[in-house]
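This report concerns only the one structure given below.
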Amino acid sequence: MTTPIPATLIPGDGIGPEIVDATLAALDALKAPFEWDRQIAGLGGVHAHGDPLPQATLDSIRRTRLALKGPLETPSGGGYRSSNVRLREEFQLYANVRPARTIIPGGRFDNIDLLVVRENLEGLYIGHEHYVPIDGDPHAVAMATGVNTRQGSRRLLEYAFELAIATGRKKVTIVHKANIMKALTGLFLETGEELWARKYKGRIELDTVIIDACAMKLVLNPWQFDVLVTTNLFGDILSDLVAGLVGGLGMAPGANIGADAAIFEAVHGSAPDIAGKGIANPTALLLAAAMMLDHCKLTEEATRLRQAIDATLNIDKVRTGDLGGSASTAVYAQALVSRIKNG
């Protein structure tokens, strides 16, 4: 008998509950042994507890050290910080892993298989910002401070090198802006080059590229890259860019990894404009669930889930509207469950 795996489940806001239901149906069909503790966050947390990250939710993740999360909406105004950023800080989830793989062939780009590994806790995302008032204008000058540390950079870079080698990748590219931001991103580049020379040379190829050149090269010839590792802001931008190469954010899963916890999610937002209409594409969260299965050493189940997604989309041609089809979220989920059970 498989040992149950405690895990926190956060359905989220907007389309979150719909895509979470579809993902749970697939995981149930796989007989994945997750023992879910259902919690709320985002707007649901604000409405129920006055906090987008209620204490009970934090306590649950601290206990299970594992979570599957639907998209969360952070209320505008009112001093609320991003729930996603707060979760990363609370559990020191230093590595943000976002793969981009072509599932439906025949698009503008084909045979894409990229991995973006983004530093998740430092850089400009630490939120050290303030205004300087001048001549009665309280917002005359806006200032932000970015902070990168040697320790934080090394931890993330080491994770990226180890992940690349463990998954059979051939090359790691460090993306930076050290020609201009010589200290902030120069430290990241310097740390990566030193770490590679000391520990990984001969085991995997290393390349470096400036962020703006990287963006151009990804559009001209994405196949020249394999694993991209970079700082927080650059990783946020590049991970959306590579998602665009494979069909958009509806196909983009993400994992937030720390030493003591891991949270898996769809990269996209809560899409309140289509919430409740039954037309949301659950593929990104399904792929995040596959990453979660891999993380829990359930590699056979992860492979079956990915194969079933591929077959549902390409053989059965069951696709949601954003992928050119007409299937509802529920119809897509039913076709996927049938593939898992009969595949």
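The values are calculated or read from the model by the stated rules, or taken from the named source; none is laboratory data. Since we're looking at a predicted model, the values are computed, not measured. Quick reminder, even Gly has a Cβ in these numbers, built from the backbone with ideal geometry, and neighbours come from all protein chains shown. Ligands, DNA and RNA are stripped out before the accessible areas are found, and what is left, the full protein with its side chains, is counted by its heavy atoms. Shrake-Rupley method; radii C 1.70, N 1.55, O 1.52, S 1.80 Å.
Remarks
- Subset of the range 121-160 (residues that are outside any strand (DSSP E or B), over 17 Å from Leu189 (Cβ atoms) and open to solvent by less than 50 Å² (accessible area, probe 1.4 Å)): Leu121
- Residues of the range 311-327 satisfying the condition of being in contact with a helix residue (DSSP H, G or I) (Cβ under 9 Å, 6 or more places away or on another chain), open to solvent by 40 Å² or more (accessible area, probe 1.4 Å) and in contact (Cβ under 8 Å) with a residue 24 or more places away in the chain: Arg319, Asp322
- Sole exception among (1) outside any helix (DSSP H, G or I); (2) without any contact (Cβ under 8 Å) to a residue 60 or more places away in the chain; (3) over 21 Å from Ala255 (Cβ atoms) for Asp212, by number: (1)
- Only listed residue being among the β-branched types (Val, Ile, Thr) and either surrounded by fewer than 16 Cβ atoms within 10 Å (Cβ to Cβ) or free of Cβ contacts under 8 Å to residues at least 60 places away in the same chain (or both), chosen from Thr8, Thr2, Thr23: Thr2
- Failed criterion for Leu156 (all others in (1) touching a His at 6+ places or on another chain (Cβ under 9 Å); (2) of a type outside the set (Val, Ile, Thr); (3) at pLDDT 95 or above hold): (1)
- Enumeration of residues in the range 291-310 that are of a type in the set (Val, Ile, Thr) and open to solvent by 60 Å² or more (accessible area, probe 1.4 Å): Thr299, Thr303
- Residue within the range 302-317 that is under 30 Å from Arg62 (Cα atoms), touching a Phe, Trp or Tyr at 6+ places or on another chain (Cβ under 8 Å) and at pLDDT 95 or above present: no
- Pairs where the first residue, in the range 121-136, is touching a residue at least 60 places away in the same chain (Cβ under 8 Å) and the second is assigned to a strand (DSSP E or B), C-beta under 7 Å, 6+ apart: Glu122/Val147; Gly123/Gly146; Leu124/Ala144; Leu124/Gly146
- If you check Gly278, Gly250, Gly269 for being within 26 Å of Thr8 (Cα to Cα), in a helix (DSSP H, G or I) and open to solvent by 10 Å² or more (accessible area, probe 1.4 Å), only one passes: Gly250.
- For beta carbons closer than 8 Å, sequence separation of 6+ or different chains, a first residue in the range 284-310 that is free of Cβ contacts under 8 Å to residues at least 12 places away in the same chain and a second that is open to solvent by less than 40 Å² (accessible area, probe 1.4 Å), the qualifying pairs are Asp294/Ala302; Thr299/Leu293.
- Some residue of the range 119-139 being among the hydrophobic types (A, V, I, L, M, F, W, C) and either closer than 27 Å to Ile15 by Cα or under 17 Å from the mean Cα position of the chain (by Cα) (or both): yes
Let's see how each residue does on (1) under 23 Å from Met291 (Cβ atoms); (2) buried (at least 20 other Cβ atoms within 10 Å of the Cβ); (3) of a type in the set (Val, Ile, Thr):
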position	(1), (2), (3)
Lys170	yes, no, no
Thr185	no, yes, yes
Thr191	no, yes, yes
Arg198	no, no, no
Gly202	no, no, no
Ala215	no, no, no
Asp226	yes, no, no
